[in-house]
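The values are calculated or read from the model by the stated rules, or taken from the named source; none is laboratory data. Source: prediction; values computed, not measured. Please note: Cβ atoms are built from the backbone with ideal geometry, for glycine as well, and neighbour counts cover all protein chains shown.
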Amino acid sequence: MILQLKKPWQDRTTHVELTPHAFLTRLASLVPRPRKNTSLYFGVLAGNARRRKKLVRKTERRATRTEDASWAALMKHSFGLDVLGCPRPGCKGRLALVAVIFDRAEVKRLLGHLRLFTEPIPVKSARDPSDLWTEAYDFH
C-alpha cells in the first residue's frame, strides 16, 4: 500500500509504502483508549502532582444528579411533552407529585372515586398465526 503525503517531509519524501499490517498497526495507535481522556497531562499539571494545588485553581464540582435529569425533563426533551403542565386551558400552573401509591386496594379505591377503570381492561387472547395465513390467502 502506497500513501501520498500532504506535504513532503524534510528529506523530500512524498510517498510512503506500508504493508497492510503495518498500516493497520499505525492506524490503531491513533484510536484513543476506551473510557479515558484524550488529553493527558504530565509534570506539575498531572492529576496527582504535589505542587498542582498551588498552580491550579480549585473548581466547584457539580452534583452528579441535577434537576434537569428528572423524568419530566427527560420527557420534555425526548418527546416535547410537558407532563407537569396543567391540563386546563389557559392555566400556566405546574403539577406536583403528591404521592406514590403501591397498595392495590388503595389504588382501586382512588380510581373508583375518580370514576376511572378499577379493573384492568380485558385483553383479547392471541390468535394462532396459521389462522392469519389462511385468512390472508383463503386456501379453504
Residues (of a type in the set (V, I, T) and at pLDDT 85 or above) located in the stretch 106-136: V107
Going by what's in this entry, would A49 be described as modelled with pLDDT of 80 or more, assigned to a loop (DSSP other than H, G, I, E, B) and more than 30 Å from P120 (Cα to Cα)? yes
Only one of these conditions is not met by D103: (1) of a type in the set (D, E, K, R); (2) loosely packed, with under 10 Cβ neighbours inside 10 Å; (3) under 28 Å from the mean Cα position of the chain (by Cα); (4) modelled with pLDDT of 80 or more. Which number is it? (3)
So which pairs qualify, if the first residue must be in the stretch 115-126 and in a loop (DSSP other than H, G, I, E, B), the second must be not small (G, A, S), the Cβ gap must be under 6 Å, and the two must be at least 6 apart or on different chains? T118/K108; T118/L111
Which numbered condition trips up R62, out of (1) farther than 30 Å from L5 by Cβ; (2) modelled with pLDDT of 80 or more; (3) not β-branched (V, I, T)? (2)
The stretch 14-46, residues that are loosely packed, with under 10 Cβ neighbours inside 10 Å and not in a loop (DSSP other than H, G, I, E, B): H15, E17, P20, H21, A28, S29, G43
